[in-house]
């Protein structure tokens, strides 16, 4: 029996927090324009270089460096849609980026899994991608799916197998961060069109999108940018994620790192707009810090303010923002570090107004999957969602008649008003689930058991048989071509 469609539970709040002042946003944008015009960005793609040169960029073909006149940047950025639709395999899971909500996804793309049954560490595989897609399908807090780990047994075509595992195990939108190059992008576009039913329906309700990582400092990835051009031409939403590390691949100051990372994102966005004016593009930045004693990558130092600033920078450009959250540096799930590092993320990123956000469920800096981590991160998400809801104040909730009936020194347990509201008044999280012995469960043990229950009991509607055969055919062709 297929599972029911549960309404999504995004964070929707009337509250807003302005992280950067208007003047600071103007300064940062001015710095980005200066970097683009004076320093430039390397595009190691002959195709991209020719297109940018044709549209007025200053291109050094030998160095593969492009400098962007400010007029070209502003003209191209004016065609970026502020909001657009995110489709899904089932229309009940479509959402629109302009509806005032913040939608969350998982983290990806990790390379190892702690097996849910044996608890042994091993390389990730396609079955892990499928397993977590089913958990995502069950959780209304997770609006779309990033493949959390990689189908490593499939080698070169692992990203396409990740997409396939997602389509077959969730009805929600899938966003890939690993599909690279023209060939892969064309195969992915063919797969997504099979799921949608037609190119027109895919353009109207895109069930798939792409996030491409830039290369700090100030370089575009050749395969990433060429694959993005293919998808942008087809109307598939494409985003660019900059990951500057303060002190190594970016200036050691937060403002400098933000401006440099923004230049990487905006340069790629300009290319997408000259390829297809009006192409849906989104902005994302996930800066980190280099430990000055070792150069080690650190996601969450004590002062990690910069995690939320890029959201306002994106909005200042007139683009939707994919906020960057979670991704603890803890090596294990359920530790104090794993909880404390990400504790404020969902709350703060929603207050700043991100349209959608990555990424729940991985440890060891986005590389290791403990399947129960998604349930633990979900608990933090739900706390933020409730904290940001407006409080209901009316005659029923003020309960003045009940207060008068009980009076000083009385007890409320026997009141009808209490019976109407008590069960809904306390919403149980993972820390307050009742075990068979009547005590509270250990949170991590509960998360493991709940994950096992979901996998045993939740079965999303399968892809139609004819479409499954088409996916098999496309994957077989990709395996022959790309895996040799």
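The convex hull built on the alpha-carbon positions of region 260-382 has an orientation-averaged projected area of 8.6 nm².
Dividing the convex hull volume of the alpha-carbon atoms in region 55-174 by its residue count gives 171 Å³ per residue.
Between residue 115 and residue 483, full extension at 0.36 nm per residue minus the direct alpha carbon distance yields a gain of 129.8 nm.
If the segment from residue 255 to residue 60 were pulled out straight at 0.36 nm per residue, it would be longer than the present Cα-Cα gap by 67.4 nm.
Rounded to the nearest 0.05, the FRET efficiency derived from the C-beta distance between residue 75 and residue 198 at R0 = 45 Å is 0.85. Once both labels are positioned 7 Å from their Cα atoms along Cα-to-Cβ, the gap between residue 412 and residue 340 label points is 3.4 nm. For the Cα trace of region 381-441, dividing Rg by the Kirkwood Rh returns an Rg/Rh value of 1.07.
Over the C-alpha atoms of region 417-472, the Rg to Rh ratio, Rh being the Kirkwood estimate, stands at 1.27.
With both residues required to sit in the chain, DSSP beta bridges show an antiparallel share near 35%. Note on the chain: Cα-Cα pairs beyond 33 Å make up 39% of the total pair count. Size of region 173-304 from its Cα atoms: along the principal axes, largest to smallest, the extents are 54, 26, 23 Å. Given their separation in residues at 0.36 nm each and the Cα-Cα distance between them, residue 12 and residue 435 gain 149.1 nm when the chain is fully extended.
Go ahead and run the numbers for FRET between residue 391 and residue 96, Cβ-Cβ distance against an R0 of 25 Å, rounding to 0.05.
0.40
Hydrodynamic analysis of region 390-484 uses the Kirkwood radius over alpha carbon pairs. Inserted into Stokes-Einstein at 37 °C and 0.692 mPa s, it gives a translational diffusion coefficient of 169 µm²/s. Kirkwood analysis of the Cα pair distances in region 41-120 returns a hydrodynamic radius of 17.3 Å.
What is the packing order of peptides 430-438, 152-160, 222-230, taking the mean over residues of other C-beta atoms within 10 Å and listing the highest first? Numbers along the way, then the final one.
On the way: 430-438: 11.4, 152-160: 19.4, 222-230: 23.7.
Answer by packing, highest mean first, reads 222-230, 152-160, 430-438.
Set the Förster radius R0 to 30 Å, insert the Cβ-Cβ distance between residue 400 and residue 426 as r into 1/(1 + (r/R0)^6), and round the FRET efficiency to 0.05. Calculated value: 0.85.
Helical runs (DSSP H, four residues minimum) scored at -39500 (n - 2.57) apiece and divided by the length of the chain put the mean residue ellipticity at 222 nm at -13000 deg cm²/dmol. Shown here is the pair-distance distribution of region 325-430: with all Cα-Cα distances grouped in 10 Å bins from zero up to the longest one, the shares run 13, 33, 22, 17, 14, 2 percent. Based on alpha carbons, the Rg and Dmax found for region 228-295 are 14.4, 47 Å. When you restrict to C-alpha pairs under 8 Å that are six or more residues apart and normalise by the size of the chain, the relative contact order lands at 20 percent. Oblate is the label for region 348-396. Its Cα gyration tensor axes, ordered a ≥ b ≥ c, give a/c of at least 1.5 and b/c at or above a/b. Volume per residue for region 286-357 equals 94 cubic angstrom (convex hull of Cα atoms). Less than 12 Å from a label point 7 Å out along the Cα-to-Cβ axis of residue 298: which backbone N atoms in region 247-265 qualify, by residue? What the label zone holds, given the 12 Å backbone N cut-off, is 247.
Read-outs throughout are calculated quantities, based only on the coordinates presented, and are distinct from any laboratory measurement. The model shown is predicted, which means the values in this text are computed figures rather than measured ones. Neighbour counts are summed over all protein chains in view; Cβ atoms, including those assigned to glycine, are modelled from backbone coordinates with ideal geometry.
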